[in-house]
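Below is one structure, written out as structure tokens; comments come after it.
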Amino acid sequence: MKTSKTYKFIVYIFLGLFSLYFLFPFIWVILTALKTETEVFAFPPKIFPDIPQFHNFVDAWTSQPFGVYFKNSVIVTVLTTIGQVASCSLIAYGFARFDFKYKNLLFILLLSTMMIPWDVTMIPLYMQFNIFGWINTLKPLIVPAFFGSAYFIFLLRQFLMNVPKDLEDAARIDGANEFQIFYKIFLPIMKAPLILIAVLNILVVWNDYLGPLIYLQDQSKYTMALGLAAFRGVHDMQILPIMSITLVMIIPPILVFALAQKYIVEGISGSIK
Amino acid sequence: MIKKTRPQKYNLVNKKVPYLFILPWMIGFVVFTLGPLVFSLIMSLFDWPVTSSPTFVGFGNYIKMFTDDPQFYKSISITFKFALVFVPLNLIIALVLALLITQSVKGIKIFRTIFYLPTVVSGVAISIIWGWIFNSEYGILNYLFSFIGIEGPKWLIDPKWAIITIVIASAWGVGTMMLIFYTDIKSIPRDIYEAAAIDGAGPLRQFFYITIPSITPTILFNVITSVIGALQQLTLVLLLTGGGPLKSTYFYGLFVYNNAFKHHKLGYASANAWFMFIVILLLTLLIFKSSSAWVFYENEVKKEGGKK
């Protein structure tokens, strides 16, 4: 079908309008973060700062121990990602490549856990972690990741279901044990979907607010999300530090996304096939 | 360690091995899901303050919730109102965006990236960004409105508009759903469209008679996930409005959260949470049941798709 010029024109108009909705808020945050206090509250509002105030970032960063928050966020993000990749690949492999008693029942159970509202288990989990002595530590945010997550397992399993069966049969004849087959043959094949779940996990954990809000109390344990939110309560109209830190906080996920964009688009397509 | 048994047939796997692979999930399921789930059901039958010991009250918490707590009904109705606006709107936006990024025009990949970008920064950042844009005194949005002669509403201060503000901010994170639609639409064979075009079907007819029927399984998936998501919305409310103004955005998620962590009524909050759990289960079941009427599978026996 040949696309006419008017058709293309209409498409571009829509693309432009939606881009405005998705992009403008980012641009406005950048512009705000670079202004002076007077420019921020000027009326009528000023669109561009006269002189970009780059020191706003330094001021904001030092007004709270953001170095510590950043470190905590990185620790939680890196460790949960390692945990998810390690556990989900094993579990998904187990469900995808073996036949065993109660497999379907267990898999349905796994899928149904995705429907459990977060707040049903919230209170008992808190009490449980309290008994473990984990409140006000990063452990409640990290440790569960080493036991897999239903959605990631599902994504990986869908991928593994499509790998031909002869692959491990040949290796079995050669005398390899099941863990060698998993480690040496399948792990390399799973590279793309594993990158996908790593990226998805990084995005979720980096941005998580409720988990840290419930489990962490001392400022020294705060993550970036918590530090940023804490800003709001205390200094309500301090727009400049809020906007600067927001910008700093969204840079890592955007970078990760930029580097792994290919895996996200292709991975999500593979998962629903 | 796994004992090495001599397999009788080359494809016979030691029976215990598969369980070793899924062992982490089984442990996690018991410790982090099943245990807490059962325990919260038990808690919901108790009056469970933090400071003193719990007392058994039977279905007292449930009875109180239905008969003696006006906020319960208000929060339910706010949440459903939100879901009723948010779910269809979100689906339509995702679908429109997906259709747009399947167009073969120059620079389309850049637009795809732009549309997905907000999904990457969900949470605190989104609430701060939109809170600033919607700010009724210094916000840029109402200033822009003033150019076209509209006096913008006091978004976050006016109870009528606060919930709409949350809808707009939520819809910003539509990227994943868009990608799911996008890949599904792309997988529809081109020749169907070409055949339809030869028969004289215009783009609109093609959309309603080819595209929509082809992607109904994906629509089903997206409807379910967005209903569940909408009913549990909490982060954005907590940060953008805190439930206000005048409790106009006191969503159910916030109701439960505050009962637990602010008012320390742990038993009551557990009952609240279980109620929503059951509502979600029933709704999901209902959507699934209805799906046989409007979801068409390419070939019902297709090894995976047919099961859903």
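The values are calculated or read from the model by the stated rules, or taken from the named source; none is laboratory data. Only a predicted model underlies this, so the values are computations on that prediction, with no experimental measurement involved. Cβ placement follows ideal geometry from the backbone for every residue including glycine, while neighbour counts extend to all protein chains displayed. Side chains included, ligands, DNA and RNA excluded: accessible areas come from the protein's heavy atoms. Shrake-Rupley method; radii C 1.70, N 1.55, O 1.52, S 1.80 Å.
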Of A:Gly175, A:Gly148, A:Gly16, the most mobile residue in a GNM of chain A (C-alpha springs, cutoff 10 Å) is A:Gly16
All-pairs alpha carbon distance profile, the protein assembly as shown, 20 Å steps from 0, percent = 18, 51, 28, 3, 0
Would you list, by chain and number, the aspartates and glutamates whose Cα falls below 18 Å from the Cα of B:Lys289, excluding same-chain residues fewer than 8 positions away?
-> B:Glu300
Could you work out how far helix A:66-97 tilts from the main Cα principal axis of chain A, as a 0 to 90 degree angle to the nearest 10?
-> 20
Largest first and in whole Å, give the semi-axes of the range B:60-307's equivalent ellipsoid, each being the square root of 5 times a Cα gyration tensor eigenvalue.
-> 37, 27, 14
Whole-number percent relative contact order across chain B, with pairs defined as alpha carbons under 8 Å at least 6 apart | 25
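About the Cα centre of the range A:126-232, what is the dipole size in debye to 20, counting +1 per Lys and Arg Cβ and -1 per Asp and Glu Cβ, all else neutral?
Values: 8 positive and 7 negative charges, 61 e Å.
With Lys and Arg at +1 and Asp and Glu at -1, about 300 debye.
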With every protein chain present, what is the per residue accessible area of the protein assembly as shown (1.4 Å probe, Å²)?
-> 49
Förster-model FRET efficiency, 60 Å R0, A:Leu105 and A:Asp59, C-beta, rounded to 0.05 = 0.55
Pick out which of A:Trp134, A:Trp61, A:Trp28 has the largest mean-square fluctuation in a Gaussian network model of chain A, springs linking Cα atoms closer than 10 Å.
-> A:Trp28
Cα point-scatterer Debye curve for the range B:120-257, base-10 log of I(q)/I(0) at q = 0.09, 0.19, 0.20, 0.22 Å⁻¹ = -0.43, -1.02, -1.08, -1.22
Relative frequency of Cα-Cα separations exceeding 13 Å in the range B:49-122, percent = 79
Under the 7 Å Cα-to-Cβ spin-label approximation, B:Thr102 and B:Ile164 lie apart by a distance in nanometres of 3.2
Shielding by partners for A:147-154, please: the mean number of other protein chain Cβ atoms within 10 Å of each residue's Cβ.
-> 4
Estimate the FRET efficiency between A:Tyr12 and B:Asp68 by the formula 1/(1 + (r/R0)^6), using the beta-carbon distance for r and 56 Å for R0, to the nearest 0.05.
-> 0.45
Relative to the longest principal Cα axis of chain A, at what angle does helix A:224-234 sit, 0 to 90 degrees, rounded to 10?
-> 30
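Per the Kirkwood definition applied to all pairs of different Cα atoms, how many angstroms is the hydrodynamic radius of the range A:2-60?
Roughly 13.9 Å, rounded to one decimal.
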Members of A:Lys139/B:Lys109; A:Lys46/B:Lys74; B:Lys160/B:Lys262; B:Lys64/B:Lys247 lying beyond 32 Å, as alpha-carbon distances in this model show = A:Lys139/B:Lys109; A:Lys46/B:Lys74
At A:Glu266 and A:Ile30, where each label point lies 7 Å from the Cα along Cα→Cβ, what is the point-to-point distance in nanometres?
-> 2.9
Kindly provide the Kirkwood hydrodynamic radius of the range A:1-146 in Å, to one decimal, from all pairs of distinct alpha carbon atoms.
-> 21.6
Rounded to 0.05, the calculated FRET efficiency for the beta carbons of A:Asn162 and A:Met114 at R₀ = 25 Å is 0.70
Space enclosed by the convex hull of the alpha-carbon atoms of the range B:14-140, per residue, Å³ = 284
Among B:Ile168, B:Ile198, B:Ile280, the residue with the largest mean-square fluctuation in a Gaussian network model of chain B built from Cα contacts under 10 Å is B:Ile198
Of all the Cα-Cα pairs you can form in chain A, what percent are over 31 Å apart?
-> 46
Taking every residue of A:98-111, the Cβ atoms of other protein chains inside 10 Å of its Cβ average out to 3
Taking all protein chains as present, what is the carbon and sulfur share of the accessible area of the range A:108-167, in % to the nearest whole number, probe 1.4 Å?
-> 68
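Contact order normalised by length for chain A, with contacts defined as Cα pairs under 8 Å and 6 or more residues apart; what percent is it? If you can, show how the numbers build up before the last one.
Values: 244 pairs, mean separation 83.9, N = 273.
Result for chain A is 31 percent.
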The answer for chain B, counting only DSSP H helices whose Cα atoms cover 24 angstrom or more along the axis and whose Kyte-Doolittle average is -1.0 or greater, is B:70-101, B:266-294
Within straight-line cross-link reach of A:Lys35, aspartates and glutamates at Cα separation under 12 Å, skipping those fewer than 8 residues along the same chain | A:Asp50
Where labels lie 7 Å past Cα in the beta-carbon direction, separation of A:Leu187 and B:Arg205 in nm = 5.7
